[in-house]
Amino acid sequence: MIHNVGLGGSSFMKRSTGDWCTKRSTCTAPVPLQEGVQPFANQTGHGNHFLQHGTALIYTGALFPELPGAEDFIALGKSIVKEQLDREILPDGGSIEGSPSYSHFIARLYVDAYLLLKDNKLPAIPGLKQGILRQYRHLAAMASPKGLTLQVSDSYAMDVARDLAIVRNVFPLPKSYPGRSVCFGDSRMVVLRGREVSVYVDAMPDESHHIHPGKPNVLVYAGDEPVLIDSGCSSYDRELWQSWYRTEAAHNVLTVCPVAAKLNKTGGPPPVSTITIKSYSPNRMVIEHRVEADGWSYTWLRTVAIADRAVTIQDKVTSSVAVDVRQYLHLAPVNAVLTGDGRRAVLQLQRGDVVIDQMSGHDGGAFELSYTPAMGPDNRVCISNQLTSCAQGKRVGMKVRIKL
């Protein structure tokens, strides 16, 4: 019932008194309720769905204390919420779900559990308040310059500022969060903030169903206008979700494939991938992506550096065999043109032109400009400009500078 109120909004709240009484009698029917709770008593679960079960049990026991077994509902709900908090919320406040927008409603479920216990004078869940504070620090820090969730992996754009304002009315969040560079090492998300540029690096762990391949991914903003975007995520029932949005090429990354056809075989053991943040400072970071595949391996080192009006992205691939390396850069859905010999792209933003140049140390050929689907800031499909550049060898370098 609570879940439907959230989804239905004001239309759901307009139901008649009779409708609400019928729903209450359904929720408080003791035999079906006891039978429905029983499966959760002897199992563990994963992800936001199981967290919802735990929160719902606390709702039921706290709001309907006259029910037989209400105390058991609360105890079971608290154990589920505690288990999820300890296992799925990382020490830096990130979530293993790997989706910024999912993280917002996950944090809200924890807030619900905290308030239900506090306002009904029930014992608190140890560590819950601190866990909520960690989550909202992470969510606030990783918001875009316009205050929206990043559209990376299975995440859509939502209003972070509005969510923070709502939660501050009922939970003691800080009045503000500092807008500076920060590295979240556990969730492997970084933001570098300069005077006029912001860079977000997404190298989130891939244990979650909501993670897209293609790490480390980079998003760039000039002021509050996007320059490099992620293709985002459509609804899960669209064919493009699987065939495009969840591919490496849909993100701002390099793809690395062996030249020898025999090494591009299917089957066999899956590649083992490890991503490590090698160094971090407020204006520069280095991240390593190492892949061990059947019969070959490679290391990709990505360095991202910012100045007041420029961003440099340098990539170095070292492989045990000759490889095809393809660079993908997804541009904001604005006018974009190639100039000169194809080694410069110009984006026409509202604030003025932004130039993307291939720099010394770029082994790839001239940029190719094409068009691909992406999710716009209104969470609707749009067309994005895509830059690609290719090179071959055992050692390949790619280096671009984005200048305002």
For this session: Would you tally the net charge around ALA161, using a Cβ to Cβ cut-off of less than 11 Å, leaving ALA161 out, and scoring K and R as +1, D and E as -1?
Result: +1
Seminar exercise, completed: Over all directions, the chain yields a Cα convex hull whose mean projected area in nm² is 22.4
Exercise. Taking neighbour counts of Cβ atoms within 10 Å as a proxy for exposure, in what order, fewest first, do CYS257, CYS183 appear?
Worked result: CYS257, CYS183
For this session: On a 0 to 90° scale, report how tilted helix 17-27 is relative to the longest principal axis of the chain, with both axes built from alpha carbons and the result rounded to the nearest 10.
Result: 90
Exercise. Where does the charge balance sit around ILE356 when Lys and Arg score +1, Asp and Glu -1, over other residues with C-beta under 11 Å from its C-beta?
Worked result: +2
Exercise. Taking the Cα centre of the range 130-183 as origin and charging only Cβ (+1 Lys, Arg; -1 Asp, Glu), how large is the dipole, in debye to the nearest 20?
Worked result: 260
Seminar exercise, completed: Here the FRET efficiency for ASP206 versus LEU115, based on Cβ atoms and R0 = 35 Å and rounded to 0.05, is 0.55
Exercise. Considering only the other residues whose Cβ falls under 15 Å of the Cβ of ARG401, what net charge follows from Lys and Arg at +1 and Asp and Glu at -1?
Worked result: +2
Seminar exercise, completed: Extension length gain for VAL346 and ALA307 (0.36 nm per residue less Cα distance), in nm, is 12.1 nm
For this session: For LYS262, go through the lysines and keep the ones whose alpha-carbon is under 28 Å away, minus same-chain ones fewer than eight residues off.
Result: LYS215, LYS316, LYS394
Problem set entry | Reciprocal mean inverse distance between Cα atoms of the range 184-282 - Kirkwood radius, Å | 15.6
Problem set entry | trypsin sites (Lys or Arg not before Pro), loop per DSSP, at most 16 other Cβ atoms within 10 Å - longest free stretch of the chain | 16-120
Exercise. Computed over the Cα atoms, what is the radius of gyration of the range 334-404 divided by 2.2 N^0.38 Å, N being its residue count?
Worked result: 1.24
Exercise. Cα centroid distance between the range 172-201 and the range 332-404, in Å?
Worked result: 25
Seminar exercise, completed: For the GLN242, VAL286 Cβ pair and Förster radius 41 Å, calculated FRET efficiency rounded to 0.05 is 0.80
Exercise. What are the ³J(HN,Hα) values, in whole Hz, obtained from phi via the Karplus relation 6.51 cos²θ - 1.76 cosθ + 1.60 with θ = phi - 60°, for each residue of the range 270-283 in sequence order, with x given for Gly and Pro?
Worked result: x, x, 9, 10, 10, 10, 9, 6, 7, 7, 8, 9, x, 10
Problem set entry | Total charge dipole magnitude, the range 259-404, about the Cα centre, Cβ charges on Lys, Arg, Asp, Glu only, Debye to nearest 20 | 260
Problem set entry | Cα radius of gyration and Dmax for the range 106-242 (Å) | 16.5, 50
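Readers should treat all values here as calculations from the given coordinates under stated rules, not as data from a laboratory. All of these numbers come straight from a predicted model, not from anything done at the bench. In this analysis, Cβ positions are derived from the backbone assuming ideal geometry, glycine residues included, and neighbour counts consider all displayed protein chains.
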